[in-house]
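Any read-out appearing in this document is the output of simple, stated calculations on the displayed coordinates, not a laboratory observation. All figures in this text were calculated on a predicted structure; none of them were measured in a lab. Glycine gets a Cβ as well: all are built from the backbone with ideal geometry, and neighbour counts include every protein chain shown.
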Amino acid sequence: MTTHRIEQRRALRTAVPGPRSVELHARRRAAVPDGFGVTLPVFVTDADGGILVDVDGNHLVDLAAGIAVTSVGASHPAVAKAVADQAAAFTHTCFMVTEYEGFVAVAERLNALTPGDHEKRTALFSTGAEAVENAVKIARRYTKREAVVVIDHAYHGRTLLTMSMTAKNAPYKDGFGPFAPEVYRVPAAYPFRYRGKPEECVEDALAKLEEVIATQIGPDRVAAIVVEPILGEGGFIVPPPGYLPGVAEIARKYGAVFVADEVQTGLGRTGDLFACNDEGVVPDLITTAKALGGGMPLSAVTGRAEIMAAAGPGSIGGTYAGNPVACAAALAALDVIVGDDLPGKARGIEARALPRLRQLVETSGVVGEARGRGAMLAIEFVQRGSNAPNADAAKRVAAYCHANGVLVLTCGTFGNVIRLLPPLVIDLDLLDDALDVLAEGVAQLS
Ligand code: PLZ
């Protein structure tokens, strides 16, 4: 049982956003480009467990965790202390200039924790996009090939290469081209939107992957197949059993590097340390970020030693890659994730929340599906009487939640999904309260 500094109870003092937030948001708009979107324009002053406190004194329930980052909470005392101690010693040397033990220790932990007991190496970076981009660089160097296969509805980042690998045009790509070449997209296994017989969804997606490789790319040209085990920004799409092992098998068959992008799914979120573990899939390379740094910017590529060795001395890195303060935070966060069994907590969140989300499918007429694994859960909104996407309903329900002090995020290629990504340490009674608000939000649509 985690004890919290801030009482774990939703409490509103003003409208959300309140007057102080409105004032600060106006100041922000004069200083920061609107290109930076914002889900809920409240300004946070304090956060702990499942509660965010804003400048107007409102206590909001956090079902976003800063997009799956603060799994251990936004101010876990062990993380806060590790950060303070490391910052007091030194904040930076650049690991490419002089070394420090924290970097090595995080690499050792990830080598041990990630799927597979083969020999591994880990390279640290700062952002998820950087990790994905470096995984592709390493795979290209290793295979001496160029083509990268990605999946429909994928999200991999906002840099040129990862934006090119991301599926959704607006807001991520629109007007930002030309895009990086040699990126090929294949259909996802998306059961809810699959038009054929359900049992053929996986078979069909894998056949299409084979076909694209054979006809559009050439079997000896594929450097990497990059997959999110559960598609994140694209809509929390959980592929049916057999899909992920099937993709891994196809990668192996063509000598391509199988990259699992576990930036969002990794480190406990889905009820296991890694989403790949669910079907015992062992990726050649795995990217992590988000929960890894306990809120500090840290990302990693972990993979087979022989593949990682392909990037020769000096060929990968970055000024801030594996920053010592971020590494200290990561070591503390990993201790909490493993030591306090946060994957188990994620399963507890699923057990508590998913049945209630499924009820909304039965009762509302506009929730087409409830899905997800662990503490990565979502509902997909549809038009009454069909399964056509209903982004307007998702927007209205999200707005209702926000106005009532529950921070939810939307996602999905069609913008019609509300996703729940609470800190894994969230108090289950607080979660229940937030789910009540969500259910009210759905109910008020009719
Ligand atoms: N791979 C699977 O989910 C980041 C995007 C937020 P960075 N997802 C949140 C936004 O709109 O910018 C993500 C991800 C997966 C890669 C990334 C990229 O991680 O740390 O945002 O670069």
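Annotations
- Amide H contacts of residue 47: 53, each under 5 Å away and 5 or more positions distant or on a separate chain (H built 1.01 Å from N in the peptide plane; Pro and chain starts excluded).
- Annotation for residue 358 and residue 436: the two label points, set 7 Å from Cα along the Cα-Cβ direction, are 2.3 nm apart.
- In Hz, Karplus ³J(HN,Hα) per residue of region 277-282 (6.51, -1.76, 1.60; θ = phi - 60°; x = Gly, Pro): 5, 3, 10, x, 7, 10
- Stretching the chain fully between residue 5 and residue 80 yields a gain of 25.7 nm (0.36 nm per residue, less the alpha carbon separation).
- Nearest-0.05 FRET efficiency for residue 384 and residue 221, computed from C-beta distance (R0 56 Å): 0.75
- Added length on full extension, which subtracts the Cα-Cα distance from 0.36 nm per residue, residue 429 to residue 112: 110.7 nm
- Summing charges over neighbours of residue 18, with a neighbour being any other residue whose Cβ is under 12 Å away from its Cβ, gives -1 when K and R count +1 and D and E count -1.
- Considering only the Cα atoms of region 1-110, their convex hull presents on average a projected area of 10.0 nm².
- Amide H partners (placed H, <5 Å) of residue 383, local residues excluded: 388, 390
- Ranked list, fewest to most other Cβ atoms within 10 Å of each Cβ, for 48, 284: 48, 284
- Within the chain, helices built from complete DSSP H runs that reach 27 Å or longer along their own axis (Cα positions) and carry a mean Kyte-Doolittle hydropathy of -0.5 or higher are 342-364.
- Prolate/oblate/rounded call for the chain, Cα gyration tensor, a/c under 1.5 rounded: oblate
- Spatial separation of Cα centroids for region 428-446 and region 332-365, in angstrom: 16 Å
- Estimated FRET transfer efficiency (residue 12, residue 44; beta-carbon r; R0 22 Å; 0.05): 0.90
- Secondary-structure-derived ellipticity at 222 nm for the chain, considering helices only, amounts to -11000 deg cm²/dmol, per-run term -39500 (n - 2.57) for DSSP H runs with n ≥ 4.
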